[in-house]
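The values are calculated or read from the model by the stated rules, or taken from the named source; none is laboratory data. Quick caveat, the model's predicted, so the values are computed rather than measured. With ideal geometry, Cβ positions are generated from the backbone for all residues, glycine too; neighbour counts draw on all protein chains shown.
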Amino acid sequence: MMRRVVITGMGIYSCLGTSKDEVRDSLFAGKSGIIFDAQRKDIGFRSALTGMVEEPNLKGLLDRRQRKSMAQQCNYAFVSANEALEQAKIDADFLAKNEMGIIFGNDSSSKAVIDSVDGVRAKGDTTLLGSGSIFQAMNCTVTMNLSTIFKLKGINMTLSAACASGSHSVGMGYVLIKNGYQDMVMCGGAQEVNPNAMASFDGISAFSTNESNPTKACRPFDRDRDGLVPGGGAATLILESLESAKSRGADIIAEVIGYGFSSNGEHISNPNLDGQVRSLEMALKQANISPEDIDYVNAHATSTPVGDGFEAQAIYKVFGSNTPVSSTKSMTGHECWMAGASELVYSLLMMKNGFIAPNINFENPDEYSEKINIFAQTEQRTLRTVLSNSFGFGGTNSSVILRAYD
């Protein structure tokens, strides 16, 4: 018997805000978190644009030994995890007596690696790096730190799948709970925001160079888009079986009803239509619903000329021209390893508060985006079933479907 999987807590730390309430308000207002970062220009970046995420102050929350082991993205993840656990009404005493797993999407820890190498070169002695260096530099820095801080005893794994990492982490948590391997899993995604993580992307001309107007630079689906804008932070969702949630009297936010995935099997960086369509169709099949049942699609659309075009074609092929679509990346930039998880949080905030966030800066459609129903303005709308897309380098695709809980 397959078990139903529900969400009982969520947390978010992004350029739109450092709590769910702040982020909800930014989404509704169509407020961009993108800025011009002069430091990037000084380093030699073509584009100095980024989604700005402030550093959290963890003093008083964690001791010095714990903080020394945490990379930047782990700091973000800790704050979002705290918010999610609080909403789920899960405390330290509960975690000491019950098993919870953790799966987070993360695909780099660039700053920590560079800092350690620079430290060796400057000091000429590896023993002077400090014990925390290795735990910051590993890609699993988020899961190894959060699992020990929160004393989690279930599955402990970092999922690395490029810009679909956060979405796949939620999908894998869903699969484990649905099939009885776990009762509860903390899922999410985290992305470092420092320039070290983004230089190679800038070097292949992936970023928008519209520096004169930062909040207008990210233009998903718009004919005049010229590249993505990097962002970051962290997002956390608490997934658990319906039985687990009911047994402890938890408030249920929504239900995960479908997860689709695929690999394009072609070019390492260019998307294709077939892979995205197969991911969407698998998610619908797993959810046992039709395309007409989807009230809103949170698009992956990053504001790249090629990528947005393929996704618009995939959405049109599966959903036609009526289903509402928007890309919240128009406000956040591309949150990379975090994006799949954060965009599920954004979709849930819309669902719970009765609105569709706008695809800001969408002024002129192209031959593909003109065929789908892109919302350029906020609209109050009852959302019962939503789908979120995430696609990444290497041709990895993920689609997750959420439904309001009855």
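What residue, of G105, G60, G154, G132, is within 23 Å of S19 (Cα to Cα) and either crowded, with 18+ Cβ neighbours inside 10 Å or in contact with a helix residue (DSSP H, G or I) (Cβ under 9 Å, 6 or more places away or on another chain) (or both)? Lay out the reasoning, then the answer.
Working: G60 fails: either crowded, with 18+ Cβ neighbours inside 10 Å or in contact with a helix residue (DSSP H, G or I) (Cβ under 9 Å, 6 or more places away or on another chain) (or both); G154 fails: within 23 Å of S19 (Cα to Cα); G132 fails: within 23 Å of S19 (Cα to Cα).
Every option except G105 fails the conditions.
Can you find a residue in segment 318-325 that is among the small types (G, A, S), at pLDDT 95 or above and touching a Ser or Thr at 6+ places or on another chain (Cβ under 9 Å)?
Of segment 318-325, the ones among the small types (G, A, S) are 320-321.
Narrowing the set further to residues that are at pLDDT 95 or above leaves 320-321.
Right, trim to touching a Ser or Thr at 6+ places or on another chain (Cβ under 9 Å) and you get none.
No.
Test of understanding: among M52, M70, which residue is at pLDDT 95 or above and closer than 24 Å to A339 by Cα? Before the answer, list the steps.
On the way: M52 fails: at pLDDT 95 or above.
From the options M52, M70, the qualifying one is M70.
Which ones in segment 157-199 are out of contact with any helix residue (DSSP H, G or I) (no Cβ under 9 Å at 6 or more places or on another chain) and at negative phi?
Filtering segment 157-199 down to residues out of contact with any helix residue (DSSP H, G or I) (no Cβ under 9 Å at 6 or more places or on another chain) leaves 172-176, 178-180.
Answer for segment 157-199, where residues must be out of contact with any helix residue (DSSP H, G or I) (no Cβ under 9 Å at 6 or more places or on another chain) and at negative phi: M172, G173, Y174, V175, L176, K178, N179.
Hey, can you tell me all the residues within segment 329-343 that are closer than 16 Å to D308 by Cβ and either small (G, A, S) or over 8 Å from the mean Cα position of the chain (by Cα) (or both)? Explain how you work it out, then say what you get.
In the first step, residues of segment 329-343 are kept if they are closer than 16 Å to D308 by Cβ; the result is 329-334, 339, 343.
Residues satisfying the conditions are K329, S330, M331, T332, G333, H334, A339.
For segment 84-117, give me each residue that is in contact with a strand residue (DSSP E or B) (Cβ under 6 Å, 6 or more places away or on another chain) and closer than 20 Å to W337 by Cβ.
Scanning segment 84-117 gives A84, G101, I102, I103, F104, G105, N106.
Can you report the number of residues in segment 50-66 which are within 19 Å of the chain's Cα centre (by Cα) and either over 19 Å from N82 (Cα atoms) or free of Cβ contacts under 8 Å to residues at least 60 places away in the same chain (or both)? Give the derivation first.
Of segment 50-66, the ones within 19 Å of the chain's Cα centre (by Cα) are 50-56.
Then drop every residue that is not either over 19 Å from N82 (Cα atoms) or free of Cβ contacts under 8 Å to residues at least 60 places away in the same chain (or both), which leaves 50-52, 54-56.
Final tally of qualifying residues: 6.
Which one of these is surrounded by fewer than 21 Cβ atoms within 10 Å (Cβ to Cβ) and either at pLDDT below 95 or polar (S, T, N, Q) (or both): S110, S167? Can you show your working first?
On the way: S167 fails: surrounded by fewer than 21 Cβ atoms within 10 Å (Cβ to Cβ).
It is S110.
Any residue in segment 78-99 that's exposed (fewer than 13 other Cβ atoms within 10 Å of the Cβ): show its pairings with residues that are in a helix (DSSP H, G or I) and not basic (K, R) at Cβ separation under 8 Å, as long as the two are six or more apart or on different chains.
Here the result reads D91/L85, each pair linking segment 78-99 to a residue that is in a helix (DSSP H, G or I) and not basic (K, R).
Any residue at all in segment 260-279 that is of a type in the set (D, E, K, R), closer than 21 Å to M2 by Cβ and not assigned by TED's automatic domain parsing to the domain that holds F94?
The first filter runs over segment 260-279 and keeps only residues of a type in the set (D, E, K, R), leaving 266, 274, 278.
Filter once more, keeping what is closer than 21 Å to M2 by Cβ: none.
Within segment 260-279 (the criterion being of a type in the set (D, E, K, R), closer than 21 Å to M2 by Cβ and not assigned by TED's automatic domain parsing to the domain that holds F94), the answer is no, since none of the residues qualifies.
When only residues in segment 224-270 that are of a type in the set (S, T, N, Q) and touching a strand residue (DSSP E or B) at 6+ places or on another chain (Cβ under 8 Å) count, which is surrounded by the most Cβ atoms within 10 Å (Cβ to Cβ)? Give the derivation first.
Here is the first cut: in segment 224-270, the ones of a type in the set (S, T, N, Q) are 236, 241, 244, 247, 262-264, 269-270.
Checking the rest, the ones that are also touching a strand residue (DSSP E or B) at 6+ places or on another chain (Cβ under 8 Å) come to 236, 241, 244, 262-264.
Numbers: T236: 34, S241: 19, S244: 20, S262: 20, S263: 13, N264: 21.
Per the stated criteria, the residue is T236.
With the structure loaded, tell me whether E363 is surrounded by fewer than 16 Cβ atoms within 10 Å (Cβ to Cβ), free of Cβ contacts under 8 Å to residues at least 60 places away in the same chain, in the same structural domain as V277 (by TED's automatic domain parsing) and farther than 26 Å from G105 by Cα or whether it fails that test.
Details: surrounded by fewer than 16 Cβ atoms within 10 Å (Cβ to Cβ): yes; free of Cβ contacts under 8 Å to residues at least 60 places away in the same chain: no; in the same structural domain as V277 (by TED's automatic domain parsing): yes; farther than 26 Å from G105 by Cα: yes.
The answer is no for E363.
Specify which of the listed residues (G203, G188, G166, G180) is closer than 18 Å to M10 by Cβ, among the small types (G, A, S) and out of contact with any Gly (no Cβ under 6 Å at 6 or more places or on another chain).
On the way: G203 fails: closer than 18 Å to M10 by Cβ; G166 fails: out of contact with any Gly (no Cβ under 6 Å at 6 or more places or on another chain); G180 fails: closer than 18 Å to M10 by Cβ.
Within the list G203, G188, G166, G180, the selection yields G188.
Quick one: F391 ticks every box in (1) in contact with a Cys (Cβ under 8 Å, 6 or more places away or on another chain); (2) free of Cβ contacts under 8 Å to residues at least 40 places away in the same chain except a single one, so which number is it?
(2)
Cβ-Cβ below 6 Å, separation at least six or inter-chain, first residue in segment 317-334 and among the aromatic types (F, W, Y), second at pLDDT 95 or above and surrounded by fewer than 20 Cβ atoms within 10 Å (Cβ to Cβ): which pairs?
What qualifies is F319/P291.
Go through (1) basic (K, R); (2) free of Cβ contacts under 8 Å to residues at least 40 places away in the same chain; (3) under 28 Å from I155 (Cβ atoms) for K123 and report which single condition fails.
(3) is the only condition that K123 fails.
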